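S.K.: Let me begin by handing over the structure; questions about it come next.
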Amino acid sequence: MKLVVGLGNPGSKYEGTRHNVGWQVLAELMERGGKPRTKKAFQGEVAELTVHGERTLLLWPHTFMNRSGSSVLEARDFYKIETPHILIVCDDFNLPLAKLRFRATGSSGGQKGIADVIRVLGTEDVPRMRVGIGAVPEHWEGVDYVLGKFTRQEAPIVADAMTRAAEAIETWVTRGLPYCMNQYN
């Protein structure tokens, strides 16, 4: 089984924000998978898909971004999923808008959701796919930027990125991380 975790924040006020890109990618993946039912579990919401014959669990932690690790840990331990079979999907303002980047290991790079997952799981060796949301504009605070919504001009670019990100996750499930790093980075 694979576990794909979309990082974000619960509540309607966060819908469509840059920080909820992880949730948006999972929603796109779910659409492609026939809209399976979701249920509450692991301090979040989960859905199970079959991606090219591979059982895949989608997890939207409801713990808020900075506390995502406990939700991931619960799902990992319940299903006994090895860390290389977990993929964290999150936003990154250090990447250009719509750029995808896979990594197998490393620091959080300042992304607090990834930082909490690393802290709780006790390893930096957590596969992740970052989705670029563009740089924080001058005179903006980072938190205001990531909690803001995409502009009308950005919306079609972001929609295309969500489709590419969902395709990339399907590729990760079937072909693995090294292939995705070569294909999408």
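S.K.: Can you tell me which of 101, 130 is of a type in the set (Lys, Arg), closer than 17 Å to residue 27 by Cα and in contact with a helix residue (DSSP H, G or I) (Cβ under 9 Å, 6 or more places away or on another chain)? It would help to see each step written out before you state the result.
M.R.: On the way: 101 fails: closer than 17 Å to residue 27 by Cα.
Exactly one of 101, 130 is of a type in the set (Lys, Arg), closer than 17 Å to residue 27 by Cα and in contact with a helix residue (DSSP H, G or I) (Cβ under 9 Å, 6 or more places away or on another chain), namely 130.
S.K.: Hey, among the residues in the stretch 64-82 that are modelled with pLDDT under 95 and surrounded by fewer than 22 Cβ atoms within 10 Å (Cβ to Cβ), which one's nearest to residue 136 (Cα to Cα)? Please lay out each step first, then the result.
M.R.: Step one: filter the stretch 64-82 for residues modelled with pLDDT under 95, giving 64-66.
Next, only the ones that are surrounded by fewer than 22 Cβ atoms within 10 Å (Cβ to Cβ) stay: 64, 66.
Numbers: 64: 21, 66: 19 Å.
Among those residues, the one meeting the criterion is 66.
S.K.: Residues of the stretch 52-63 being under 17 Å from residue 79 (Cβ atoms), open to solvent by 20 Å² or more (accessible area, probe 1.4 Å) and of a type outside the set (D, E, K, R), which ones?
M.R.: Here is the first cut: in the stretch 52-63, the ones under 17 Å from residue 79 (Cβ atoms) are 54-61.
Among the residues that remain, those that are also open to solvent by 20 Å² or more (accessible area, probe 1.4 Å) are: 54-55, 60.
Within the stretch 52-63, 60 is the sole residue that qualifies.
S.K.: In this structure, does residue 43 turn out to be modelled with pLDDT of 95 or more and surrounded by fewer than 19 Cβ atoms within 10 Å (Cβ to Cβ)? First the steps, then the outcome.
M.R.: Numbers: modelled with pLDDT of 95 or more: yes; surrounded by fewer than 19 Cβ atoms within 10 Å (Cβ to Cβ): yes.
Here the answer is yes, as residue 43 does meet what is asked.
S.K.: Check 147, 177 and return the single one that is open to solvent by less than 60 Å² (accessible area, probe 1.4 Å) and under 24 Å from residue 65 (Cβ atoms). Give the steps one after another, and end with the answer.
M.R.: Numbers: 147 fails: open to solvent by less than 60 Å² (accessible area, probe 1.4 Å).
Answer to the check: 177.
The values are calculated or read from the model by the stated rules, or taken from the named source; none is laboratory data. Source: prediction; values computed, not measured. With ideal geometry, Cβ positions are generated from the backbone for all residues, glycine too; neighbour counts draw on all protein chains shown. Surface areas here come from the heavy atoms of the whole protein model, side chains and all, with no ligands, DNA or RNA. Shrake-Rupley method; radii C 1.70, N 1.55, O 1.52, S 1.80 Å.
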